[in-house]
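*Asks:* Before we start, here is the structure in question, set down as structure tokens.
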Amino acid sequence: MDLLWRWMEQDLALARRAPFTTRVYLSSARAFAAFHGRHPGDMGQAEVRAWVDHLRGIPMSPQRFRQHLSGLAFLYRKTLGRPEVVSFFAWPAIPRKLPAVLDLKEVAALLEAVPHPTYRMLFRTMVATGLRIREACRLRTCDLDPARGLIRTVGKGGAERQVALPAKLLKALRRHCRETRPVAPWLFTGRLGRPLDPDHARRVFRAACRASGLARRATPRPGSSPENLSALT
């Protein structure tokens, strides 16, 4: 089945799915194949239904259940070209909770708890602009448009968008480049000169949340108010 997984990985890359999504979808598809001990191409809707029934008996979050379905849906719709096999899928609703709106002191304490200056500047940029963590990690110097006060970025699904570039943030980014000398063309690079890894950045963020004593739910894009953003940028 190695060839099938290579094909699926190639299809996910062509669909511009994030590395995390690729890993999750492949893991879900492999788990399905292992459950039946058969090649997915030799199975049909009956086997998929049996797998879904099995998943329902396992305690898991609605989000994780959706990930299992999404992985199989991609496998059969795209890689195997048999969309009818998963035509019965119904996607469970996921209750959406808004991130906590952090006040100025909380955001300042959070940033102060980040030990590495590059990650601190990364999170400061996200707070100021609303960029997603993957977008921020892949920022290049050419993405900044100081004349218009904008940042150009590529979001989910390869869609381009623009966000505001506050003057104070631009000044801080220039200082960051002078002091840390990131490897061109990237704004945020690690020791090997590569862009920061989003998964590692998330771990750094969670560690900073714990270190700062932040008990409320927060994400790497804190839901700060505009007043707080202007104070921090």
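The values are calculated or read from the model by the stated rules, or taken from the named source; none is laboratory data. Keep in mind that this is a model prediction, so the values were computed, not measured. Glycine gets a Cβ as well: all are built from the backbone with ideal geometry, and neighbour counts include every protein chain shown.
Conditions (1) touching a residue at least 40 places away in the same chain (Cβ under 8 Å); (2) under 25 Å from residue 17 (Cα atoms), marked per residue:
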position: 152; (1), (2): no, yes
position: 158; (1), (2): yes, yes
position: 165; (1), (2): no, no
position: 172; (1), (2): yes, no
position: 192; (1), (2): no, yes
position: 195; (1), (2): yes, yes
position: 211; (1), (2): yes, no
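*Asks:* For the stretch 145-200, name all the residues that are within 14 Å of residue 124 (Cβ to Cβ) and part of a loop (DSSP other than H, G, I, E, B).
*Replies:* Answer for the stretch 145-200, where residues must be within 14 Å of residue 124 (Cβ to Cβ) and part of a loop (DSSP other than H, G, I, E, B): 165, 166, 187, 188, 196.
*Asks:* Out of all the residues in the stretch 135-147, which are in contact (Cβ under 8 Å) with a residue 40 or more places away in the chain and buried (at least 21 other Cβ atoms within 10 Å of the Cβ)?
*Replies:* 136, 137, 139
*Asks:* Here is a follow-up. Quick one: how many residues across the stretch 203-223 are over 17 Å from residue 112 (Cβ atoms) and at pLDDT 90 or above?
*Replies:* Result for the stretch 203-223: 1.
*Asks:* Taking the stretch 31-53 only, how many residues are over 18 Å from residue 87 (Cα atoms) and more than 26 Å from the chain's Cα centre (by Cα)?
*Replies:* 7
*Asks:* Just one of 79, 125 is of a type outside the set (Gly, Ala, Ser), within 27 Å of residue 60 (Cα to Cα) and crowded, with 19+ Cβ neighbours inside 10 Å; which is it?
*Replies:* 79
*Asks:* Here's a follow-up. Against the condition touching a His at 6+ places or on another chain (Cβ under 8 Å) and assigned to a helix (DSSP H, G or I), how does residue 118 come out, does it pass?
*Replies:* yes
*Asks:* Quick one: would you say residue 38 is touching a helix residue (DSSP H, G or I) at 6+ places or on another chain (Cβ under 8 Å), assigned to a loop (DSSP other than H, G, I, E, B), more than 25 Å from residue 154 (Cβ to Cβ) and charged (D, E, K, R)?
*Replies:* yes
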